[in-house]
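S.K.: Structure in structure tokens, see below.
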Amino acid sequence: MEYSIQKLGSETYGERSKLSQFAFQYRLSDEQLEKRRQAEAELPSDIWGVYVNGQLAAQLTIFQLQTYIGGKPFDMGGIAGVSTWPEYRRQGFVNKLLRKALLEMRSAGQSVSMLHPFAFAFYRKFGWETYIEYKQYTLKTDQLPRRFSYSGRIERIDGQIDVLSRIYDRFAAQYNGTLVRSASWWQQRVLKKEEQAAVYYDAGGEPCGYILYGVKEKKMTISEWVACDEDAYSALWSYVGQHDSMIDSVSVNMPADDLLAYRLDNPRIQQEIVPYFMARIVDAAAFVGKYAFQEGAGETVITLSLKDEHAPWNNGSFKLVIAENGAAEFTPVLVETPETTRAQKQTDAPECTIETNIGTLTALLLGYRSWDELCRLGRITGSVTDGKALEFASRIPAGKTYLADFF
């Protein structure tokens, strides 16, 4: 079957929309379609499609985004809208699109990628790995934290993105995998007309937290909870409690490290841990080159044998050198094969070698899973008890992951 992979422009919006609505089972009015067309033009993205005999068979979108990692913004390719017409499924077209996406993201300097999977196992085959889960709470009003007086104040505001963004950026930089939000992203993807925005200002007038929420049929739904410190966290719960006369329950999503249940007199509340997004390092050398390892007493050097079937530039053995200040270099090492000549053999490769795949490396460096956990699961093998390997592990900063957005 002859096919071609093409970059899709605005002129293909109609046929792309038809496929999306069919694949994701929703229907938009003409007015809604036009609004989406306008929104698409305001959010930087590249859209790729597979054509068979002049017909669009499959498609995906790469959003040009940034994500916080170690408090720094990394260019990130956000994969979304992966869809195929039924008659073209199971013919490898999504495989081809994802490989194309990896090439394009690498070329664009996007060293990491994220996506929301329809099936985790499917995307794990292509190198993406789970990197974030969140806690989903549902509380009855008699289970809410106790109200108390606080030194600051809470104000409801309307559309003041500058205030909300100032708080969000401070909060988001504490986590790995949160989005760096543009004004357009705030307007199109975060703020909703039917929701209230309540901001906590501390005693000095500094905005330190907010919630975005709505109330309907005696249920409060908090779509976003951001608290930069303990005072903001407690004050926002006191504010939520002021709605007790008009609601029966509250639902809210929080980072996985949230300790709400521990704070309560009765911790037996309804809470669920929900696996959410996946991530994968697109270009290991570029990613490691920007990643901030912990400072050390000297240089740490290991060989990393990395498996990545879909991004050949990541597949092989690499010399990883972490300088005393935490800066790192990731360079290829020639691996000896039966065809390797004696003159080609590498003589300066570090003796300590650890082995893993690109998904596991992503989970490790983002802080979703620890060195000990991944070794115990057999996801990291090789010289894992060697002193240099343990030294490498000690230089990975303790991180935590979160994502409040969807794409």
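The values are calculated or read from the model by the stated rules, or taken from the named source; none is laboratory data. Model, not experiment: these values are computed from the prediction. With ideal geometry, Cβ positions are generated from the backbone for all residues, glycine too; neighbour counts draw on all protein chains shown.
Residues are listed down the side, and each one gets a yes or a no for (1) in a loop (DSSP other than H, G, I, E, B); (2) among the hydrophobic types (A, V, I, L, M, F, W, C); (3) in contact with a helix residue (DSSP H, G or I) (Cβ under 7 Å, 6 or more places away or on another chain):
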residue	(1), (2), (3)
Asp46	no, no, yes
Val50	no, yes, yes
Thr61	no, no, no
Thr67	no, no, no
Met76	no, yes, no
Ile79	no, yes, yes
Glu87	no, no, no
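S.K.: What are the residues in segment 354-374 that are crowded, with 19+ Cβ neighbours inside 10 Å and free of Cβ contacts under 8 Å to residues at least 60 places away in the same chain, if any?
M.R.: Residues satisfying the conditions are Ile354, Thr356, Leu364, Arg369, Leu374.
S.K.: Mind counting the residues in segment 169-215 that are at pLDDT 95 or above and either among the basic types (Lys, Arg) or part of a strand (DSSP E or B) (or both)?
M.R.: Residues that pass the stated criteria total 20.
S.K.: Answer with yes or no whether Ile132 is hydrophobic (A, V, I, L, M, F, W, C) and touching a Leu at 6+ places or on another chain (Cβ under 6 Å).
M.R.: Values: hydrophobic (A, V, I, L, M, F, W, C): yes; touching a Leu at 6+ places or on another chain (Cβ under 6 Å): yes.
Considered against the rule, which asks whether it is hydrophobic (A, V, I, L, M, F, W, C) and touching a Leu at 6+ places or on another chain (Cβ under 6 Å), Ile132 comes out as yes.
S.K.: In segment 256-269, is there at least one residue being assigned to a strand (DSSP E or B) and buried (at least 19 other Cβ atoms within 10 Å of the Cβ)?
M.R.: no
S.K.: Sticking with this structure for a sec: Among the residues of segment 144-166, count how many are aliphatic (A, V, I, L, M), closer than 22 Å to Met246 by Cα and not in a loop (DSSP other than H, G, I, E, B).
M.R.: 2
S.K.: With at pLDDT below 95 and either assigned to a loop (DSSP other than H, G, I, E, B) or touching a strand residue (DSSP E or B) at 6+ places or on another chain (Cβ under 6 Å) (or both) as the only criterion, which of Ala363, Ala349 stands out?
M.R.: One residue alone meets the criteria, Ala349.
S.K.: If I go through segment 150-182 residue by residue, how many of them are more than 23 Å from the chain's Cα centre (by Cα) and in contact (Cβ under 8 Å) with a residue 60 or more places away in the chain?
M.R.: Residues that pass the stated criteria total 4.
S.K.: Have a look at Gly296, Gly289 and point out the one that is small (Gly, Ala, Ser), farther than 18 Å from Gly77 by Cα and assigned by TED's automatic domain parsing to the domain that holds Arg369.
M.R.: Criteria check complete, one pass: Gly296.
S.K.: Here's something else I'd like to know. Regarding segment 45-52, can at least one residue be identified that is outside the structural domain of Ala172 (by TED's automatic domain parsing), of a type outside the set (Val, Ile, Thr), buried (at least 18 other Cβ atoms within 10 Å of the Cβ) and under 28 Å from Ser111 (Cβ atoms)?
M.R.: Yes - at least one qualifying residue is present in segment 45-52.
S.K.: Another question, then. Filter segment 112-143 for residues that are assigned to a loop (DSSP other than H, G, I, E, B) and surrounded by fewer than 17 Cβ atoms within 10 Å (Cβ to Cβ) and give the result.
M.R.: His116, Phe118, Ala119, Lys125
Matching residues to (1) surrounded by 13 or more Cβ atoms within 10 Å (Cβ to Cβ); (2) hydrophobic (A, V, I, L, M, F, W, C); (3) without any contact (Cβ under 8 Å) to a residue 40 or more places away in the chain; (4) touching a strand residue (DSSP E or B) at 6+ places or on another chain (Cβ under 9 Å):
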site: Tyr13; (1), (2), (3), (4): yes, no, yes, no
site: Gln21; (1), (2), (3), (4): yes, no, yes, no
site: Tyr88; (1), (2), (3), (4): yes, no, yes, yes
site: Leu97; (1), (2), (3), (4): yes, yes, no, yes
site: Ser107; (1), (2), (3), (4): no, no, yes, no
site: Gln110; (1), (2), (3), (4): yes, no, no, yes
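S.K.: Here is a follow-up. Would you confirm whether or not segment 278-289 contains a residue that is under 23 Å from Cys228 (Cα atoms) and modelled with pLDDT of 95 or more?
M.R.: no
S.K.: Against the condition at pLDDT 95 or above, farther than 25 Å from Ala256 by Cα and either aromatic (Phe, Trp, Tyr) or not assigned by TED's automatic domain parsing to the domain that holds Glu42 (or both), how does Ile154 come out, does it pass?
M.R.: yes
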